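Here is the structure we will look at.
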Amino acid sequence: MRKNIVAGNWKMHTCKDEAILLASAVNKKVKEEVKNDNTGVVIAPPFIHLSLISQVVDTERICIAAQNCASEPKGAFTGEISARMLQSYGVKAVILGHSERRAYYGETDETLTKKVNLVLENNMRPIFCCGEKLEERESNNHFEVVKRQIENVVFKLSKDNFEKVIIAYEPVWAIGTGKTASADQAQEMHEFIRKLIKEKFGSEIAENTTILYGGSCKPSNAQELFSKPDVDGGLIGGASLNAEDFTAIINSFEK
Ligand code: PGA
């Protein structure tokens with residue numbers, strides 16, 4: 001059976017001391033207040049803090065993820081961080097295809113395919129983000145857009161590799177806007193994605209794939225979102241910067 005996961009994407013927030021404080025607070029709260037061991041907890045701090053944070057938290061309980069990686073394995077690529085480097089620091093997962101990276105850094109399906117493959121080759125799990133823009137939803141193209149994003153990248157993987165992928169559905173209009181997709185809108189898209197996976201890889205893999213929702217998820221709406229049968233947790237931006245809110249979201253599952 002698939003696992004519920006709550007992943008915190010810290011984005012470009014926290015200086016060194018703030019990162020240590022936040023990670024320590026999350027570590028303490030998860031230890032004391034999260035009773036359900038089956039809920040996976042992930043935090044994705046900025047690259048520069050990864051090594052430090054992995055010494056601050058119990059990495060048996062809290063999985064450390066990166067927010068991106070290079071699309072090339074190594075070489076003369078000034079400023080880039082490779083998947084292999086991340087793996088050597090104990091990073092277990094990498095967020096790929098976040099809408100901010102697609103929009104501001106021009107990431108294409110082609111670059112993402114390379115990154116997904118490198119992450120898998122280095123024994124980490126891709127957290128693959130997809131989601132439509134507001135105009136795409138308003139013109140009723142949201143299913144088509146998400147389908148294309150998934151088909152062009154993670155559906156090119158072998159069955160064995162696809163099993164390691166975590167999908168995050170993040171409608172762009174809901175990210176950082178305070179505007180959340182309703183639980184029904186999230187469920188509708190998650191069900192659609194699971195159906196696509198079933199058609200491509202069969203029902204066992206579809207049932208085992210964790211599909212996260214992301215976009216203004218917070219303690220006040222997490223419970224309703226997570227109560228939906230195909231919503232297996234969240235990719236949390238803003239609310240992951242507050243240990244209390246993040247822990248409350250982790251504790252929002254009924255199932
Ligand atoms: P948000 O961000 O929770 O701040 O809307 C979510 C994300 O971008 O992953």
In this structure, is THR59 more than 24 Å from VAL154 (Cβ to Cβ), within 16 Å of the ligand (Cβ to nearest atom) and either charged (D, E, K, R) or at pLDDT 95 or above (or both)?
no
Give me the pairs, please: first residue somewhere in segment 230-251 and without any contact (Cβ under 8 Å) to a residue 60 or more places away in the chain and more than 14 Å from the ligand (Cβ to nearest atom), second residue anywhere and among the β-branched types (Val, Ile, Thr) and in a helix (DSSP H, G or I), beta-carbon distance under 6 Å, and either six or more positions apart or on two chains.
none
Please verify whether ILE95 is part of a strand (DSSP E or B), modelled with pLDDT of 95 or more, within 16 Å of the ligand (Cβ to nearest atom) and closer than 19 Å to LYS164 by Cβ, treating the condition exactly as stated.
yes
Can you run down the residue pairs with Cβ atoms below 7 Å, 6 or more apart or on separate chains, where the first is in segment 82-109 and of a type in the set (Ser, Thr, Tyr) and the partner is assigned to a helix (DSSP H, G or I)?
TYR89/LEU50; TYR89/SER51; TYR89/SER54; SER99/VAL172
All-but-one check, ARG61 against (1) of a type outside the set (Gly, Ala, Ser); (2) within 26 Å of VAL172 (Cβ to Cβ); (3) surrounded by fewer than 16 Cβ atoms within 10 Å (Cβ to Cβ), failing number (2)
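To keep it simple, each residue is scored yes or no on (1) assigned to a helix (DSSP H, G or I); (2) buried (at least 18 other Cβ atoms within 10 Å of the Cβ); (3) of a type in the set (Lys, Arg).
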| site | (1), (2), (3) |
| --- | --- |
| GLY79 | no, no, no |
| GLN87 | yes, yes, no |
| GLU100 | yes, yes, no |
| ALA103 | yes, no, no |
| GLU132 | no, yes, no |
| GLU135 | yes, no, no |
Which of the residues belonging to segment 103-132 are within 16 Å of the ligand (Cβ to nearest atom) and over 23 Å from ASP232 (Cβ atoms)?
ALA103, TYR104, TYR105, GLU107
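The values are calculated or read from the model by the stated rules, or taken from the named source; none is laboratory data. All values derive from a computational prediction rather than experimental measurement. Counting neighbours? That spans all protein chains shown, and the Cβs are built from the backbone with ideal geometry, glycine included.
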